[in-house]
Every structure is written in C-alpha cells, then in structure tokens.
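Trainee: Have a look at the structure that comes next, please.
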Amino acid sequence: MPTLYLPPHFKFGAATSAFQIEGGWNADGKGPSIWDTFGHSPGKVKNDEPGDVACDSYHRYGDDIALMREVGLDTYRMSLSWSRLMPEGTGQVNQAGVDYYNRVIDGLLDAGVDPNVTLYHWDLPQVLEDRGGWANRDVADWFGEYATVVFDRFGDRVRRWATLNEPIAIWAGYGVGFFAPGRTDARAGRQAMHNALLAHGSGVQAFRAAGSPGEIGIVLDIWKRHPATQSARDVALAHEGDDDGFRFFLDALRGGGYSDRIRHRLQAEGTMPVIHDGDQELIEQPIDYLGLNVYSRIVVDSTKNDGSQFARTDPFPGGNFLDNGQEFYPRAVLDALNLLRDDYGWTGPVHITENGMADGPSSDSDPLQDDERIRYVSGFLEWISEAIREGHDVRSYYLWSLMDNFEWSAGFSMKFGIAALDPATLDRVPKKSALWYRDVIAAHRKTRPTAEQA
Ligand code: NOJ
C-alpha cells in the first residue's frame, strides 16, 4: 500500500469513453460515428475488429455499475455518444439515446458514484464528417447545439462536465490518419485543431447559458518531451513535440493565443489555420477546472527521429521500463502540474482524468495478475500526494480504465482495464489491481469525516 497524503475530500474514480465500451453501434436509432466507419474499413484497426459490440455497455451498464460498487469508486468518468443522441449530428434528438444515458446516470447516482461526463471523446457523427467534420469551422455551431441538448437533458444531475477529451486526437485523425476519419491533410488537421478549440468555447457558452449547476472544463494530455541531450536539434525536437501535443491548446486556452514559435512553424509549413476575429475570446472563456490525462513523458532524440509528422521522436526513455515497454516515470504528473502553473498560470482545480497502463507480456499467462499496474498506479498516486503537498489543487484521480476495452487503432490488443472481460460471456472479472484499488479507496475513506462518507 503506498504512503499517501491525500486530503479527505480527494476522490477516486475510473474512466471509460462511449465508443470504447458501449457497442450497440446501430441500436435503437443511433447513427454511425467516424469510428464506426473507420473500424469497418479494412486495415485501419488491429485485426480488423471494429467496436460494434466492445464491452456491450449499451446493454450491460448495470454490470459496470456493479463493478464500480465492488471497487468502491467515488466517481466515474464517461462520455456521451453524439451520434446516439443526435443521429443527424444536429436537429432531431434520439429519445432512446437520452433514455439510455438517463438509466446510466440514475444508476450511478443510486450507487453513490458521481458521474463526470465528457461531451466528446473522439466519435464524431459520420454525417458531420460528410460535411467536412472538424475541418469545417461550422463544427463549433454543431457542437454548441449538441451541448445545449446535453445540458438540457442531463444538466440537472451531472455536476462535472468536460467539453473535449484530448483534442490532439483530432490531429491524429485529420493530419496523420492513424485515427478516424483517417485523413492525411496537414492543413485540414491544423484547422481542425483550431476548430476544436472553437467548439470547446461554444460548449462552455452553452453550459453557462443553460445555467446548470456544476462545473465545466476540458481534458488535455501532457506527454512532456525531454530532450535526450542539450543539443540544439534535440531541444528543437522537444519544443516541436510539446507544441504539437499540448501547447497549441494551452496557448490558446490560457496564453492569449498561439505562440510565435507555433505561428512561425505553421506559417512556414503552410498549415497555419484561418483565425477569425473573436475566435480567441471564444476559446479563452473561463473554465472551472482542468482535466489532465497523464501517462508518462517522452524522451526525444534527434538521432533516432523517425521523421513522422506526428511523433518526430523516438520513444527512447531513461531506463526504468514497465513490462509493456513504456517508461515508468510517475513524476510526469508533478512535471505537468508545474508546467500548467509556471507556463500558463493555472493554479485552479485539476482533476487527473486519466492515468493507467496496458498489460504487458507478464499478464499473458494470467491476465488477472497485473502487479505491474499496481506498481504503476502506486507511483502516480505517490507523486500526486507530493504535488498536493507542494500546493497543487488536485481534487481527484481516475484510473484508465474500469475494464479492458476498445483501444482505438490497437483494437482489443491493448488492455488497460482493472477488470478483464470474459471473452465468452463478456462478464467483468476484477484483476488483482481492482482489489488493490478497492483497498486503497477504503483506507482513504476512513480519513473522511463521517458526513462525507455517506
Ligand atoms: C487516452 C484516451 O483518452 C483514451 O481513450 C485511451 O484509451 C487511453 N488514453 C489509453 O491510450
């Protein structure tokens, strides 16, 4: 058991997203999303396994909630499928989709688990993609309309919202093509990143207009680049990776606009997005918290540069490896929090909205024995404790993920869950880490005043 100094009000959760767990891809009036199309296109997803059924949470959400109860989660981070709620992307609302999320949200509340809901976790309605998708700036209005519907239907019960999850995925989908919709157009990709920020702004506006109680933020991932040496080329490579990965978004959200370094590079590449008057004001509206997904760092070495547009790095880490090959660097969470404070002046609340690791080969013989995950999560919780001790306002921690699920282009080959899925029955089977996490949460709960435990 790690030694933790977490305040009594600190909350423990687990996270998933709609497309990765729900299945029911065409059930009850749902429209296809770009990930349905991508998964049905040969060669896009590992083993050509689409997310048609995934964990079947569309039908088995009760099992998910039972698992959360067993682990004793305080809170659960989930997302909504836009094309389940609005199959045409705009306009008509699919009541069956509303009913489904009402059942999930009410079930969570009955179980004493607070829902934390993300509006967009990568599954754009295909009909909107057919109109240009994220590369079309009208997406900000489409998203605003969708957000208004969501706050109207669920705003009375959900207290924590996020507009977008990891908008860098939009670059992966439009600029590089390894995510849906699989486009490889750098100019469209940069425009799509800018448009995503506009959509975020529209979502915040819709939230304020709805007057719902609760709070809204955005979820960013920080994989800080560390230059392998102080050579000019390594340092430049690190800057480029940071700019592409997270500074693009933070500069606009918190820094008054894209930095000169970003502008110069994109202008030189001919990929600088078109920005209209008023865009910056829309993007930088106040938010209530920042969601931080943090998994590790990336050490960049220009002599190993693979030349790809996205990574431009070699994941050549400092030496402490997990069994799945990733570097174990739990201090990444403190580094990221310091960066938010020092470079962007953010001293407000932060929720660690994702942290976790995929099983490595040592789980092959027995998928339930995931000691590596316990080591990994312990390390991060210890560094979160340290960050809080140093004055960072970290309010909660969400382990990615509640159960093994559809890991995007890697299909079902990467397993991040604290529960496995029985391949025959799809039953959720807790791994060793789930039982360990249950004990961590129970020990922490004892530190809370009795009224809070209720
Ligand atoms: C980031 C994403 O938000 C999530 O969808 C993904 O499964 C995990 N990290 C693990 O890669």
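Trainee: If we only count helices (runs of 4 or more DSSP H) wholly inside region 22-135, which ones have 3 or more residues that are over 26 Å from residue 172 (Cβ atoms) and not β-branched (Val, Ile, Thr)?
Mentor: Per the criteria, 57-71, 95-110.
Trainee: Can you name the residue in region 170-181 that is hydrophobic (A, V, I, L, M, F, W, C) and in a loop (DSSP other than H, G, I, E, B) and, of all such residues, is surrounded by the most Cβ atoms within 10 Å (Cβ to Cβ)?
Mentor: Restricting to residues being hydrophobic (A, V, I, L, M, F, W, C) and in a loop (DSSP other than H, G, I, E, B), the top hit is 180.
Trainee: Looking at the structure I just gave you, is residue 367 more than 16 Å from the ligand (Cβ to nearest atom), modelled with pLDDT under 95 and open to solvent by 30 Å² or more (accessible area, probe 1.4 Å)?
Mentor: yes
Trainee: Evaluate the following for residue 89: is it open to solvent by less than 20 Å² (accessible area, probe 1.4 Å) and within 16 Å of the ligand (Cβ to nearest atom)?
Mentor: No.
Trainee: Residue 449 fails exactly one of the following numbered conditions: (1) at pLDDT below 95; (2) closer than 15 Å to residue 4 by Cβ. What is the number of that condition?
Mentor: (2)
Trainee: Considering only region 332-361, how many residues are more than 16 Å from the ligand (Cβ to nearest atom) and surrounded by fewer than 23 Cβ atoms within 10 Å (Cβ to Cβ)?
Mentor: Within region 332-361, residues that are more than 16 Å from the ligand (Cβ to nearest atom) and surrounded by fewer than 23 Cβ atoms within 10 Å (Cβ to Cβ) number 15.
Trainee: Could you say whether any residue in region 59-76 is under 21 Å from the mean Cα position of the chain (by Cα), under 25 Å from residue 128 (Cβ atoms) and open to solvent by less than 50 Å² (accessible area, probe 1.4 Å)?
Mentor: Looking through region 59-76, none of the residues is under 21 Å from the mean Cα position of the chain (by Cα), under 25 Å from residue 128 (Cβ atoms) and open to solvent by less than 50 Å² (accessible area, probe 1.4 Å).
Trainee: Kindly evaluate residue 400 against the criterion of being within 20 Å of the chain's Cα centre (by Cα), closer than 22 Å to residue 224 by Cβ and within 15 Å of the ligand (Cβ to nearest atom).
Mentor: yes
Trainee: Considering 79, 17, which residue is in contact with a helix residue (DSSP H, G or I) (Cβ under 6 Å, 6 or more places away or on another chain), within 16 Å of the ligand (Cβ to nearest atom), open to solvent by less than 50 Å² (accessible area, probe 1.4 Å) and modelled with pLDDT of 95 or more?
Mentor: Going through 79, 17 in turn, the sole match is 79.
Trainee: Return yes when residue 390 is within 16 Å of the ligand (Cβ to nearest atom) and not aliphatic (A, V, I, L, M) and no when it is not.
Mentor: no
Trainee: Something else now. In the set 427, 422, which member is in contact with a strand residue (DSSP E or B) (Cβ under 8 Å, 6 or more places away or on another chain), open to solvent by 50 Å² or more (accessible area, probe 1.4 Å) and either within 27 Å of residue 296 (Cβ to Cβ) or touching a residue at least 24 places away in the same chain (Cβ under 8 Å) (or both)?
Mentor: 427
Trainee: Okay, moving on. Being of a type in the set (Phe, Trp, Tyr) and either under 18 Å from residue 332 (Cβ atoms) or in contact (Cβ under 8 Å) with a residue 24 or more places away in the chain (or both) is the filter here, so list the residues in region 245-260 that pass it.
Mentor: 246, 248, 249
Trainee: Additional query: Does residue 242 meet the test of being within 22 Å of residue 347 (Cβ to Cβ), in contact with a strand residue (DSSP E or B) (Cβ under 6 Å, 6 or more places away or on another chain) and in contact (Cβ under 8 Å) with a residue 60 or more places away in the chain?
Mentor: Considered against the rule, which asks whether it is within 22 Å of residue 347 (Cβ to Cβ), in contact with a strand residue (DSSP E or B) (Cβ under 6 Å, 6 or more places away or on another chain) and in contact (Cβ under 8 Å) with a residue 60 or more places away in the chain, residue 242 comes out as no.
Trainee: Given the options 114, 52, 56, name the one that is charged (D, E, K, R), at pLDDT 95 or above, crowded, with 18+ Cβ neighbours inside 10 Å and more than 16 Å from the ligand (Cβ to nearest atom).
Mentor: Going through 114, 52, 56 in turn, the sole match is 114.
Trainee: OK, next. Check region 294-307 and report whether any residue there is modelled with pLDDT of 95 or more and either more than 16 Å from the ligand (Cβ to nearest atom) or under 23 Å from the mean Cα position of the chain (by Cα) (or both).
Mentor: yes
Trainee: For region 156-200, which positions are away from the ligand (no atom under 16 Å from the Cβ) and of a type in the set (Ser, Thr, Tyr)?
Mentor: 174, 184
Trainee: Answer with yes or no whether residue 218 is hydrophobic (A, V, I, L, M, F, W, C), open to solvent by less than 10 Å² (accessible area, probe 1.4 Å), touching a strand residue (DSSP E or B) at 6+ places or on another chain (Cβ under 7 Å) and over 16 Å from residue 120 (Cα atoms).
Mentor: no
The values are calculated or read from the model by the stated rules, or taken from the named source; none is laboratory data. Since we're looking at a predicted model, the values are computed, not measured. Cβ atoms come from the backbone with ideal geometry, glycine included; neighbour counts cover every protein chain shown. For the accessible areas, the whole protein counts, side chains as well, though only heavy atoms, and no ligand, DNA or RNA atoms are used. Shrake-Rupley method; radii C 1.70, N 1.55, O 1.52, S 1.80 Å.
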